[in-house]
Amino acid sequence: MVDLESEVPPLPPRYRFRDLLLGDQGWQNDDRVQVEFYMNENTFKERLKLFFIKNQRSSLRIRLFNFSLKLLSCLLYIIRVLLEKPSQGNEWSHIFWVNRSLPLWGLQVSVALISLFETILLGYLSYKGNIWEQILRIPFILEIINAVPFIISIFWPTLRNLFVPVFLNCWLAKHALENMINDLHRAIQRTQSAMFNQVLILISTLLCLIFTCICGIQHLERIGKKLNLFDSLYFCIVTFSTVGFGDVTPETWSSKLFVVAMICVALVVLPIQFEQLAYLWMERQKSGGNYSRHRAQTEKHVVLCVSSLKIDLLMDFLNEFYAHPRLQDYYVVILCPTEMDVQVRRVLQIPMWSQRVIYLQGSALKDQDLLRAKMDNAEACFILSSRCEVDRTSSDHQTILRAWAVKDFAPNCPLYVQILKPENKFHIKFADHVVCEEEFKYAMLALNCICPATSTLITLLVHTSRGQEGQQSPEQWQKMYGRCSGNEVYHIILEESTFFAEYEGKSFTYASFHAHKKFGVCLIGVRREDNKNILLNPGPRYIMNASDICFYINITKEENSAFKNQDQQRKSNLSRSFYHGPSRLPVHSIIASMGTVAIDLQDTSCRASSGPTLALPSEGGKELRRPSIAPVLEVADTSSIQTCDLLSDQSEDETTPDEETSSNLDYAKGYPPYSPYIGSSPTFCHLLQEKVPFCCLRLDKSCQHNYYEDAKAYGFKNKLIIVAAETAGNGLYNFIVPLRAYYRPKKELNPIVLLLDNPLDDLLRCGVTFAANMVVVDKESTMSAEEDYMADAKTIVNVQTLFRLFSSLSIITELTHPANMRFMQFRAKDCYSLALSKLEKKERERGSNLAFMFRLPFAAGRVFSISMLDTLLYQSFVKDYMISITRLLLGLDTIPGSGFLCSMKITEDDLWIRTYARLYQKLCSSTGDVPIGIYRTESQKLTTSESQISISVEEWEDTKDAKEPGHHRSIHRNSTSSDQSDHPLLRRKSMQWARRLSRKGPKHSGKTAEKITQQRLNLYRRSERQELAELVKNRMKHLGLSTVGYDEMNDHQSTLSYILINPSPDTRLELNDVVYLIRPDPLSYLPNSEPSRKNSICNAAVQDSREETQL
């Protein structure tokens, strides 16, 4: 075997490890060779090429010098023409010979020598092996024509007066200008728009054509009319403009031929130039051009990055963004990769938007397009996802890449990002504000099942409105609802506030109650100066500091308010009261004007003894008077608040010890052991003590652990909540957690059924007949509809089918487009729905951003669109706390010491409180709860619609048949399908005609004919409601299900529901009102001295004092 070590030479000393450590003393004797690179550029030719061509700055100087020489030669030609005396006679020699002075000849010869030398040198440097390519170039030929005759005249003096067409140097000047512009762009490392280059080329071409025509005609007319330069200019302008007055015309055939040639050249060259210019103009209109650096440095702008821009998205953004007064001077730069839509183009041509909105077609992943939008100078960047795509995960991936690209290009630019899937949220955690659509969607759907119309409450709070909607309506509820919808969340530092400054050192509940009583504002949360966390209703233990930031709900912020004394305005307020009756809006305390709200300081003195009292009205003096409401203490005693039931004087706990023990065995409180996605907020909630096997999760199939195959067999104590979704995504985690939160009483936990497909059989098996709510999530498979607004078609039709089959079922739906909410619970001939449609159109014409708010399904919280929450992201630019407050209200985030949203219902026993102000006092003094609004349901006193008409058989009978036996007189029916239901008289006449016609039949038909006739009449007399009920019952019998729980449901059409956000203190409470509360965190009442009893006290506080809210 060959010895490899003997063949490998030893390393030089400098590469030995020992020498590297100890130092190499013999490296000087090493025979190393120094290598120099780029030696070819050290040659004389390469150095010249580097100076004249490759180097941008030196090349720019050379081309600028060349351009100046060409302009100088044209100027010398004009001087020669002006100094030359008109020639006598019409000889052809005047065409070939001119009078040129010696100094002028010397200047022209010098310019010619320099130009020719430069041209030959550049040709030599750019030579690539083909000499004819250099010689046959038009600039080289023109240079030879203009320079060589002058050089020859140096050696042949008789040729000094030879005519040389020096004016053709204008075309060489045009060529030099184009090269100079290109070098300029390379030298300053900045790309100018192609539109600028093309306009420059077009203008220079026109000037060269006109200058060539002027000089050519003037020279050829030396043997004719002897025109001067001004006459030639006049002739050229008149000719090229196609006017042709005819007062100046060429006489010689040579000049006429020259004019013809120039017109032909113009007809060929100019259309090409105009075509390129028009093409670039159209492309620029599509791409949007650039946002200038000067404007970016002197004016403020934000950038909106979207995948595809639709008109609804654009108008929602613009209306919400420019609703704030301090944003009126901002510019909006839209960066979108697709071409501008026709509707968007039409809107952006409106003067109100054309001056403030700039559309750029480009990609956020290209630094060049981000530079066009001046992203590094932008005040903020909004990145929105495309929710209309089928693959929502792919849409999120595009949003993530856009966010990364913007953060890489402009690290200091604030990012406002909208994401669709919660599992993708952690990729953009670096963004300043993030709104995850599925998180908010499922949380609002869940809270709608606990607190009715939570989605409507949140939507109204995050929309900017002045509360002017519905004020022209004749109906009282629309005025109240529209007025209260103007309430929003604002913030102010306590020591700078007129509302809250006097409550420094007092408890939070004391400040909240007295601020509402005095000013009509609702204090809902605070934030310490040294803490970033917002606390919603921290409870009576929280003491207000001067540096606290207060968050409150009001019609407008305090800075836009003026304060007046109550005593000075008492009489005028009574005379100018807008609303009458038991429920009035805060006209006495809030007077709205354009941009300013005047708030009257109410009289806080004690009421007279003859005024209304807090006691229950007694009947004949038999009942005892209930104690009056306790005052709200400045520093509350929280020990009494822990054990005090909400509004009753005695604690009511219906849970027996046995039930409590059994329930504790089933449930435990803690954090979910598994997180469905990275970034989910941990929430303390009710958990099962043992994990349920996977086979037991199928409700419609039995397994070895249980034999139940339908929801009825399980024997649930509480009504079901059914979720109809297309897939079981990670977003459902945010639906389940609010329904299982630790502060919810165990006896109120509703079973949750996930229905991935909803045919009638599956609906019946999962217990739809005794469900409390059914939540229908928008189907992702319909997102790819050819028409955008058809994305909700499948959901709407499915919900309409459920509404017709189970009309008393509470259905909560989420749609993609807000405009499609009008199709929910659709009734084609309902007069009241038509009236609401007209009201919506009027509000939209008045410029309202909430025109859809008066639709009954939205007002009642039965439907909402997640696109409405886009305004939450837009508002966070001005109110950076809105996303945090909304997440706390929806239960997406839990902060120790922060309260939660819940609700309570007003019963007959609670009407003794009478007004909203007294309710506010009772809640603050007893449990520390802060009310923020009322959900009110009223009977709908409407004109009869198609589904309300009830026609009895007795009305069909005529007077002659009134005494005939055998007819069923007690059958009633509801008609929803026949057009005759709107005309009972026609219906009655048609029935009489059919009956009389049957009597005239042959008498020998017998009992068979009478039986068939009776069956037909019975089928005809059945209403659509009865047919649907019979269909459902027959299907339930076929599936082996009991029909006991199914009744012929009365729909919700006879009632209407709406929300009053922060109503006036003197608003009268009504029966079945649902009051929205922000309840303090139960864990915040735990004494610090007993940490070992934390779990038991928590369970007692939550279960005993929070189980059931009663007045």
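The values are calculated or read from the model by the stated rules, or taken from the named source; none is laboratory data. Note that the structure is a prediction, hence the values are computed from the model and not measured. Using ideal geometry, Cβ is built from the backbone for each residue, glycine included, and neighbour counts are taken over all protein chains shown. To get the accessible areas, we keep the full protein, side chains included, count just its heavy atoms, and leave off ligands, DNA and RNA. Shrake-Rupley method; radii C 1.70, N 1.55, O 1.52, S 1.80 Å.
Structure above, values below:
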item: Potential lengthening between residue 343 and residue 207 on full extension [0.36 nm per residue; Cα-Cα distance subtracted]; result: 44.9 nm
item: Anisotropy class of region 747-900 from Cα gyration tensor, a/c 1.5 cut; result: oblate
item: Computed E for residue 134/residue 230 - FRET, C-beta separation, R0 25 angstrom, nearest 0.05; result: 0.05
item: Region 436-510: C-alpha pair distances exceeding 17 Å, %; result: 65 percent
item: Difference of contour (0.36 nm per residue) and Cα-Cα distance, residue 412 to residue 379; result: 11.0 nm
item: Sorted peptide list for 823-832, 130-139, criterion being average Cβ within 10 angstrom, highest first; result: 823-832, 130-139
item: Size of region 397-456 as Cα extents on the principal axes (Å, biggest first); result: 45, 19, 14
item: 3J(HN,Hα) from dihedral phi, region 383-400, Karplus parametrisation 6.51/-1.76/1.60, rounded to Hz, x for glycine, proline; result: 10, 10, 8, 8, 7, 8, 7, 5, 8, 6, 5, 4, 5, 5, 4, 5, 5, 5
item: Three-way shape call for region 807-847 based on the alpha-carbon gyration tensor, with the a/c threshold at 1.5; result: oblate
item: Equivalent ellipsoid dimensions for region 65-107 as semi-axes, Å, which come from the Cα gyration tensor, largest first; result: 25, 11, 9
item: Whole-Hz couplings from phi, Karplus 6.51/-1.76/1.60, listed for region 688-698; x for Gly and Pro; result: 6, 6, 10, 6, 7, x, 5, 5, 7, 7, 7
item: 493, 151, reordered so the largest accessible area comes first (probe 1.4 Å); result: 493, 151
item: With DNA, RNA and ligands ignored, accessible area of residue 404 (1.4 Å probe; Å², nearest 10); result: 120 Å²
item: If the convex hull is drawn through the Cα atoms of region 323-424, its volume per residue in Å³; result: 125 Å³
item: Long-range HN-HN contacts of residue 525 with modeled amide H, under 5 Å; result: 537, 551
item: Estimated FRET transfer efficiency when R0 is 22 angstrom, pair residue 547-residue 880 (beta carbons, to 0.05); result: 0.80
item: Mean Cβ neighbour count within 10 Å, used as a protection proxy, ranking 889-898, 469-478 highest first; result: 889-898, 469-478
item: With all protein chains modelled, accessible area of residue 264 [1.4 Å, Å²]; result: 70 Å²
item: Region 138-258: Rg to Rh, with Rh as the Kirkwood radius over Cα pairs; result: 1.08
item: Of every Cα-Cα pair in region 226-375, the percent that sits beyond 25 Å; result: 51 percent
item: Probe 1.4 Å, protein heavy atoms only - accessible area per residue of region 781-898 in square angstrom; result: 35 Å²
item: Region 483-549: C-alpha gyration tensor shape, a/c 1.5 cut-off, then a/b vs b/c; result: prolate
item: Surface accessible to a 1.4 Å probe, residue 678 within the full protein complex, Å²; result: 110 Å²
item: Inter-site label distance for residue 178 and residue 834 at 7 Å from Cα along Cβ, in nm; result: 6.9 nm
item: Residue 472 paired with residue 1071, simple spin-label distance in nm, labels 7 Å along Cα-to-beta-carbon; result: 3.7 nm
item: Where labels lie 7 Å past Cα in the beta-carbon direction, separation of residue 1039 and residue 257 in nm; result: 9.9 nm
item: Percent accessible area from carbon and sulfur atoms, region 332-396, protein chains only, probe 1.4 Å; result: 50 percent
item: Packing-based ranking, highest mean first, of 447-455, 308-316 given that Cβ atoms within 10 Å are counted; result: 447-455, 308-316
item: Amide hydrogen neighbours beyond the local backbone of residue 486, cut-off 5 Å, H modeled; result: 467
item: Estimated FRET transfer efficiency when R0 is 35 angstrom, pair residue 714-residue 905 (beta carbons, to 0.05); result: 0.80
item: Accessible-area ranking of 427, 324, largest first, probe 1.4 Å; result: 427, 324
item: For residue 753, distant residues with modelled amide H under 5 Å away; result: 721, 722, 723
item: Flagged links, alpha-carbon separation over 31 Å, of 838/922; 310/441; 479/879; 425/669; 517/879; 557/922; result: 838/922
